Structures are given as structure tokens and as C-alpha cells.
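See below for the structure under consideration.
Bear in mind that the values in this text are calculations on the coordinates, not laboratory data. Note that the structure is predicted; figures quoted are calculated from it, not measured. Note: ideal-geometry Cβ built from the backbone for every residue, glycine included; neighbour counts use all protein chains shown.
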Amino acid sequence: MLKRVVVTGASSGIGAATVRRFTELGWQTVAVARRADRLQQLAAETGAHPVQCDVTDEAQVAALAAEVAATGGAVGLVNNAGGALGTESVEASSNDDWRRMFEVNVLGLRSVTAALLPVLPAGAAATGWASILNLTSTAGHAAYPGGGGYNAAKYAAHAVTEVLRLELAGEPIRVMELAPGLVHTEEFTLNRLRGDAEGAARAYADVTPLLAEDVARVLVGAFEQPPHVNQDLIVLRPVAQSSVFHTHRGPLAPRG
Ligand SMILES: NC(=O)c1ccc[n+]([C@@H]2O[C@H](COP(=O)([O-])OP(=O)(O)OC[C@H]3O[C@@H](n4cnc5c(N)ncnc54)[C@H](OP(=O)(O)O)[C@@H]3O)[C@@H](O)[C@H]2O)c1
């Protein structure tokens, strides 16, 4: 079996960069998202197999798994589809926003994983191994004011990853988590701030953040490790960000 990996949230940002990086290293990819036009562009560029799928819709996720199985199977899954909505306090935020964040970051991750788990063992039988990597966030490891539903959802995604690794013990399937800090992608902060482009620009002003390509390089590197190596948790931050509370604005300068 050729190396073939399913990447959710592939229509933009980290997911699209991940498909490009896998392609550079000779992997076949299945690119998953809701916006078919963007997936078609990525497919034309990379040869990815595009599948339009809303990961919060269980029927669509079942169809995704069937299509993956019917078109060559997979030895890898990247659960990357996700995002944040709002920066309001716990008191001022809404259950509607929290529900949407849980649906995509937690339930979608669970649905896609559950649907593909019957597919991955065939890949593992053919190649000796398979991999699952969940994109969480430093927001899944440190709470901050206004983090509310996003913190809660990413902490939950972290917990699900830990549970899965325990449940799959004894199978040749490694379970990994990549938790990035500040990444400048086109849509993430814009969506979080409900279209406030000035606010989104402020988040990245005078700072050198990670780029989607940086995250993709490290992510795909984890898949390229020898099969017995499991990078349980990779925390990736820009040098300018030493914690969720400390982002250095302005140039970085050596002392003295
Ligand atoms: N940017 C950051 O600073 C940062 C930091 C840490 C972690 N992360 C995490 O990294 C992941 C990617 O972030 P990003 O910055 O690349 O964000 P992004 O550019 O907004 O990408 C999110 C992707 O998820 C897809 N998506 C959203 N809802 C979906 C659904 N219901 N079904 C299927 N696909 C869905 C979107 O595509 P469609 O709209 O076409 O469906 C899009 O391709 C997310 O899980 C995010 O929480 C981001």
C-alpha cells in the first residue's frame, strides 16, 4: 500500500499546507472540508483526492470513510478541522458558540476517528503501522480569559487523544497530538472575531508568528518518524511567544 493520509480541514490554513507538505514527501492525500471549490483547487495543485464533508454530520462522515476505503484505504489521519468562535467571557458567551466549537473540535474529531478506525488496520496490516494526529492548541493546555469555549473544546480534544492512545495500546497505530501557539493563517482569527479584519490584523501585528507551513513541516515530520516512535504531544510556538500570556511584540534582540 502506498502512504496515504486523510487530512480534515484541508481547504485553508494548516490543513492545506499539510496536504502540500505530505505531497512534497511522496504521500497520497485525501483532502476533506466543506468548501468543494477550494478542495478542487488544492486537488489540481497536489493531486489530492478531494472529499466534501462536514465533519459534524455523521452521515457525511460515514460516506467519507466508505470513499477512503473504496479508493485505496489509508495509513494516516490528521484531525485538523476546527476553530474558535468569540473571545467573550464565560459569563458573556453563548451556548450556541460553545456548541459549534464542541461540534467541530470535539465531536467531529471523534466521528471521523471512529469512522476511519475500521479502515486504518488494513493500512497497518499492509505497511506495519498507521498514525492518527489530532490538531489541538496551546489553548488545550493553558486557560486564558476569553478562552472559554475554545479552551474547553481543545482541552477536551486533548483528553480524547489521551484516551484513544490508551484504547489502541497493542495495535500498531500511533496516536499523536500537535498543539500550536500563534499561527498566522488567513481565516482562523477572522472567523474567531466574526469578520473583524482590523482586530485580526492586530493579533499578528509586530510579531513573527508561526506560519501554516511551519506547523505542516513539523506535523508531517511526526508521520515520517520510524513506526515505533510516537510523538505523544508536540507543543509548537513561535519564539516570540513564551506562553499564552506572553507574546513579544517588536524585534527579537540579543542581549548586550
Ligand atoms: N491559527 C492558529 O493560531 C491555531 C493555533 C492552534 C491551533 N489551531 C487549530 O488548527 C486547526 C486549523 O486551524 P487554521 O488556523 O488552519 O484555521 P482555518 O484556516 O480556519 O482552517 C480551518 C479548516 O477547518 C475546516 N472546517 C471547519 N469546520 C468544518 C467542518 N464542520 N467540517 C469540515 N471541515 C471544517 C475549514 O474548511 P471549510 O470551511 O471549507 O469546511 C478549514 O479548512 C484548527 O483545529 C485550529 O483550532 C489553530
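This ranking places PHE223, PHE245 by how few other beta-carbon atoms lie within 10 Å of each, fewest first, which gives PHE245, PHE223. Computed per residue of the chain from DSSP H runs no shorter than four, each worth -39500 (n - 2.57), the mean residue ellipticity at 222 nm is -12000 deg cm²/dmol. Computed from the alpha carbon atoms alone, the convex hull of the stretch 18-138 holds 122 Å³ per residue.
P(r) for the stretch 82-222, from all Cα pairs and a bin width of 10 Å, is 11, 36, 34, 15, 5, 0 %, short bins first.
Basic side chains Lys and Arg get +1 at the Cβ, acidic Asp and Glu get -1 at the Cβ, and with that the dipole of the stretch 23-182 about its Cα centre reaches some 200 debye. Using a/c under 1.5 as the rounded threshold, could you call the stretch 119-171 rounded, prolate or oblate? The axes a ≥ b ≥ c are square roots of the C-alpha gyration tensor eigenvalues, and prolate needs a/b larger than b/c, oblate otherwise. In terms of gyration-tensor shape, prolate.
Positive end of the dipole of the chain (Cβ unit charges, origin at the Cα centre): among LEU219, MET101, ILE132, the Cα lying farthest that way belongs to LEU219. Here the residues TYR155, TYR144, ranked from fewest to most Cβ neighbours within 10 Å of their Cβ, fall in the order TYR144, TYR155. Averaging the sequence gap over all C-alpha pairs within less than 8 Å and six or more residues apart, then dividing by the number of residues, gives the chain a relative contact order of 19 percent.
Each listed q (0.15, 0.18, 0.21 Å⁻¹) maps to a log10 I(q)/I(0) for the stretch 27-93, found by the Debye formula over equal Cα scatterers with no solvent: -0.56, -0.72, -0.91. Sequence-distant contacts, meaning Cα pairs under 8 Å at least 6 residues apart, place the relative contact order of the stretch 1-47 at 41 percent. Taking HIS228, HIS158, HIS49 as the candidate residues, the one with maximal mean-square fluctuation in a Gaussian network model of the chain, Cα springs under 10 Å, is HIS228. Taking the square roots of 5 times each eigenvalue of the Cα gyration tensor of the chain, largest first, gives ellipsoid semi-axes of 29, 20, 18 Å. The alpha carbons of the stretch 154-239 occupy a box of 50, 24, 18 Å along the principal axes, longest dimension given first. For ARG34 and GLU103, the difference between the fully extended length at 0.36 nm per residue and the C-alpha to C-alpha distance is 23.4 nm. Take the Cα of ALA142, step 7 Å toward its Cβ, do the same at SER89, and the gap between the two points is 2.2 nm. The Kirkwood hydrodynamic radius of the stretch 1-56, based on inverse pair distances between different Cα atoms, is 10.7 Å. Could you identify which residue out of ALA212, ALA203, ALA156 has the top mean-square fluctuation in a GNM of the chain using Cα springs shorter than 10 Å? Of ALA212, ALA203, ALA156, the Gaussian network model singles out ALA203 as fluctuating most.
Put the Cα centre of the stretch 1-76 next to the Cα centre of the stretch 96-140 and the gap is 13 Å.
Average 1/r across all pairs of distinct alpha carbons in the stretch 197-256, invert it, and you get the Kirkwood radius: 13.9 Å.
Taking amide H atoms as placed 1.01 Å from N in the peptide plane, the amide H of GLN28 lies under 5 Å from those of LYS3, ARG4, VAL5, each 5 or more residues away in sequence or on another chain. Exposure proxy for SER111, SER93, SER242: other Cβ atoms within 10 Å of each Cβ, ordered fewest to most, give SER242, SER93, SER111.
Computed on the stretch 200-256, with alpha-carbon pairs under 8 angstrom and 6+ residues apart, the relative contact order is 48 percent.
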